[in-house]
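The values are calculated or read from the model by the stated rules, or taken from the named source; none is laboratory data. Model, not experiment: these values are computed from the prediction. Note: ideal-geometry Cβ built from the backbone for every residue, glycine included; neighbour counts use all protein chains shown.
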């Protein structure tokens, strides 16, 4: 009996699975989830600011304690140091609102600059 060299067995073929059928929906699902995580709660985190005129006009919509942002220019000659902070008047050119800030004012705070402050009405409005 003679030994003859045997030819190597051909490799087993891989199963013919259509990877695209799984890949495309998986990528689409990841994009949808990523988009929701990035932009889904964006409106809940946005806080728009009101001008001083808008704040006065919508005073009833913001009861005492409800926070909002107010934009205006610091009226020259109205900055006043208090024992607990600073008081000033903000204006949009037609309506004035008195603002009381507790704590030290920011270093660049001065008369005539535009400011956006966040706070709430405290029942006393001028």
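Return the residues of the stretch 101-111 that are assigned to a strand (DSSP E or B) and under 12 Å from residue 78 (Cβ atoms); say none if nothing qualifies.
Going through the stretch 101-111, the residues assigned to a strand (DSSP E or B) turn out to be 101-102.
Result: no residue meets the conditions.
Which residues, counting only those in the stretch 57-88, are farther than 13 Å from residue 119 by Cβ and touching a residue at least 24 places away in the same chain (Cβ under 8 Å)? Before the answer, list the steps.
At the first step, the residues of the stretch 57-88 found to be farther than 13 Å from residue 119 by Cβ are 57-61, 63, 73-84.
Across the stretch 57-88, the qualifying residues are 59, 63, 73, 74, 75, 76, 77, 78, 79.
Go through the stretch 14-25 and count every residue that is loosely packed, with under 10 Cβ neighbours inside 10 Å and at pLDDT 70 or above.
Restricting attention to the stretch 14-25, the residues satisfying the condition of being loosely packed, with under 10 Cβ neighbours inside 10 Å are 14-21.
Those left that are additionally at pLDDT 70 or above: 18-21.
So the answer is 4.
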